[in-house]
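Student: One structure, as structure tokens, below. Some questions next.
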Amino acid sequence: MVLNLVCGLLQLAVWVIIGWIVLSYVVSFGRLGWDHPVRRLYDALSRAIEPIMRPIRSVVPPLRIGGAALDLSPIILILGISLLTRLICS
């Protein structure tokens, strides 16, 4: 029972990170005010996810593509959670 709960929480974490990635694009490219509900949701998720991303970002810098930078830390975190899920839940 506890194992099922842990597996469910790990899967939920992956979906929350994917949602955070999508919201980051909406916030970046949209013209949302500071008090917009989407912006507030993104900020709340950022406060939860950023402390986990910070150590990954210190090891893996953003990938430079022309004048832009691609942050690989969410992908690495999702891969890590997926590996952990396979080890624990299989």
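Student: Give the dimensionless ratio obtained when the Cα radius of gyration of the chain is divided by 2.2 N^0.38 Å.
Tutor: My calculation over the Cα atoms of the chain gives 1.24.
Student: Additional query: By how many degrees, 0 to 90 and rounded to 10, does the Cα axis of helix 73-89 deviate from the longest principal axis of the chain?
Tutor: That works out to roughly 10 degrees.
Student: If you don't mind, there's one more thing I want to ask. Please report the projected area of region 1-52's Cα convex hull averaged over all directions, in nm².
Tutor: 4.1 nm²
Student: While we're looking at this one, here's another question. If I fit a long axis through the Cα atoms of helix 37-59 and take the longest principal axis of the Cα atoms of the chain, what angle between them do I get, 0 to 90°, rounded to 10?
Tutor: With both axes taken from Cα atoms, the answer is about 70 degrees.
No value in this document is a laboratory result; all are computed from the given coordinates. Please read these numbers as outputs of a predicted model, since none were measured by experiment.
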